[in-house]
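A.B. asks: The structure's right below; bear with me while I get my questions together.
Read-outs throughout are calculated quantities, based only on the coordinates presented, and are distinct from any laboratory measurement. Computed from a prediction, not measured in an experiment: that's the story for all the values here. Please note: Cβ atoms are built from the backbone with ideal geometry, for glycine as well, and neighbour counts cover all protein chains shown.
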Amino acid sequence: MSIELSVTPRLEIDSTSPYWHRDQPTTTAFRVDPGHARLRAAFPGSWSRLVEVKSLLDCYAMVDAGVTPPGDGPDGVRLELARRVAGALWSVAEIERAGGRAALADTVSASAELFALYAATGEWKPFIVEPPTGDQPWLYCGRLSTWSPRTARDPLSLLVVVPDADRQRVITDTDAAFATVTDLAGRALGGPARLCDEKPDMHIGELVLVGGESAFGHKNFAHFFPLETPGGSVLGRDFTVVFGNVFEERVGRCSVPLLRAALGNEPARHAPGRLVDSLLVWFRGHDFGHFWRRADRPDTGAAVREELGPFMAMALEETYADCHGVLTAAALSDRDDFGVAFCAEHIRYLSRRASDFADSVAATLELGWLGERGITLPAGSKAWLAQAEPAIAELIRTIHAVLWEGDRAGIDPLFDAIGAGQRAAARFEGSLASHPTDLSYVFA
């Protein structure tokens, strides 16, 4: 079956320029932690050394993308930059240890050792990724994949995050309602629901410093550990770190204006912070959604998944998780906020190239599936939710049957919905081309 726009991923992405989700992106600048105020408060003795690490990793990212200074070759430059990063990190560790933060110092020392070994051998050693803990700032410095089509040789990043207790409570409250979430999943699936793997932890904080690969190109508002850390592992459960301030800025500066432009009117005013809180519930439901399976159905879908190919199978998995997230947020968050918030984020996801981003295919499929059932998105209120919930449950069952029960009967309806979604999304292209769809970072 053919559709109007191929969803086959492009094989090559130009790694010599920042990787964005549109060929000609329009972005808006987000000043991260003006004056380094939060960074200074969190690291009063070592903040300037962390800024030095950021600068060194920014240089490394440019070399990795092919922008090599005259003189030594790129490999020599990489190793020298890694050696300097190690020295700066050891200084941070010494300062933090002297200040009584031994656990944080140990984490930073371990990162310094990795960089030092890489500088000496040209190879990365296996490492452990430590999750955020309590009310302490969290730092990650090392290998970090950003976007899978990006062809950077060895993406390295620095992330410095301070905890956000208020936003963390949104996740804690959602986790406390896990029995309700399980019931929602079972009702959507039409039978008992089980998790096929241990559910990951989720930590919310404010990003106050970012360097290296993550400082350029298309911005992440969350990272998944150890999924995105080549060579890294965790001692406990996998975990997700969400940057609440990046998410809120992106929703307020990009998603909501795109929604207003697409609707051609002014939807009800909602504070970006409230919208983000409802989206965090959706994102947590999405996090769980990847793992929901019918408890009474064995996995017999391997042949169909192979037939679909990795990219299309991933796109259907993203749709499946999205839909579970919608049902979770509709039940557990403020429906007025979520009805607008999801539509705003949904149209922003439509701005990405469907050839590169599985979640853009998911957004397109959702748009078409609902549209075929008379439910028009985007909308400026919660009214669509009640009408959409049965259709979303139907989509969950259809994808589950295809991916994990091997039922090929659902493939054509899903591809038909992608085609319908592409036709429906075409009317938004003017708004997507003329409004910011993502952030650029500005520091200090």
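A.B. asks: Would you mind getting the Kirkwood hydrodynamic radius of segment 254-434 from its Cα pairs, rounded to one decimal in Å?
C.D. replies: Kirkwood hydrodynamic radius for segment 254-434: 16.4 Å.
A.B. asks: Just the projected area, averaged over all directions, of the convex hull on the alpha carbon atoms of the chain: how many nm²?
C.D. replies: 20.9
A.B. asks: What list of whole percents do you get for P(r) of segment 214-256, with Cα-Cα distances grouped in 10 Å bins up to the one holding the largest distance?
C.D. replies: 25, 43, 25, 7
A.B. asks: Enumerate the calculated ³J(HN,Hα) couplings along segment 392-408 in order (Karplus 6.51 cos²θ - 1.76 cosθ + 1.60, θ = phi - 60°), each rounded to whole Hz, writing x wherever the residue is Gly or Pro.
C.D. replies: Result, ordered by residue: 5, 4, 4, 5, 4, 5, 5, 5, 4, 5, 6, 6, 10, 10, x, 8, 6 Hz.
A.B. asks: Just for the chain, what percent of DSSP beta bridges are antiparallel, to the closest 5?
C.D. replies: In the chain, DSSP labels about 60 percent of beta bridges as antiparallel.
A.B. asks: Which value, in debye to the nearest 20, describes the size of the charge dipole of segment 254-434 about its Cα centre when Lys and Arg Cβ atoms bear +1, Asp and Glu Cβ atoms bear -1, and nothing else is charged?
C.D. replies: Dipole of segment 254-434, to the nearest 20 debye: 420 debye.
A.B. asks: Give the peptides 316-329, 176-189 in descending order of average Cβ contacts within 10 Å, highest first.
C.D. replies: 316-329, 176-189
A.B. asks: Let me ask something else. Would you work out the charge dipole size for the chain about its Cα centre, treating the Cβ of every Lys and Arg as +1 and the Cβ of every Asp and Glu as -1, and quote it to the nearest 20 debye?
C.D. replies: 660
A.B. asks: What list of ³J(HN,Hα) couplings, whole Hz, do you get for segment 423-439 from phi and the Karplus terms 6.51, -1.76, 1.60, once you set θ to phi - 60° and write x for glycine and proline?
C.D. replies: 3J(HN,Hα) across segment 423-439, in whole Hz: 5, 5, 6, 4, 6, 8, 4, x, 5, 5, 7, 10, 10, x, 10, 6, 9.
A.B. asks: Kindly provide the pair-distance distribution of segment 92-153 built from C-alpha pairs, with 5 Å bins from 0 and whole-percent values in order of increasing distance.
C.D. replies: 4, 16, 22, 21, 18, 12, 6, 2, 0
A.B. asks: Right, something else. Compare the Cα positions of VAL234, LEU385, PRO34 along the charge dipole of the chain (+1 at Cβ of Lys, Arg; -1 at Cβ of Asp, Glu; about the Cα centre) and return the one farthest towards the positive end.
C.D. replies: Result: PRO34.
A.B. asks: In terms of modelled amide H atoms, which long-range or inter-chain residues lie less than 5 Å from the amide H of ASP438?
C.D. replies: The list, which skips near neighbours in sequence, is THR28.
A.B. asks: Given springs between every Cα pair under 10 Å in a Gaussian network model of the chain, which of PRO230, PRO310, PRO25 has the largest fluctuation?
C.D. replies: Among PRO230, PRO310, PRO25, the largest GNM mean-square fluctuation belongs to PRO310.
A.B. asks: Compute the Kirkwood hydrodynamic radius of segment 346-444, taking the inverse of the mean of 1/r over all pairs of distinct Cα atoms, and give it in Å to one decimal.
C.D. replies: Radius from the Kirkwood sum: 14.7 Å.
A.B. asks: Okay, next question. Please sort 208-220, 412-424 by packing, taking for each peptide the average over its residues of neighbouring beta carbons within 10 angstrom, highest first.
C.D. replies: Averaged packing, sorted descending, gives the order 208-220, 412-424.
A.B. asks: Among PHE224, VAL246, ILE204, which residue has its Cα furthest toward the positive end of the charge dipole of segment 196-254, with +1 on Lys/Arg Cβ and -1 on Asp/Glu Cβ?
C.D. replies: VAL246
A.B. asks: In a shell of Cβ-Cβ distance under 13 Å around ILE171, excluding ILE171 itself, what net charge do Lys and Arg (+1) and Asp and Glu (-1) give?
C.D. replies: Summing Lys/Arg as +1 and Asp/Glu as -1 gives -3.
A.B. asks: So if I place +1 on the C-beta of Lys and Arg and -1 on the C-beta of Asp and Glu, and nothing else carries charge, what would the dipole magnitude of segment 75-229 be about its Cα centre? I want it in debye, nearest 20.
C.D. replies: 360
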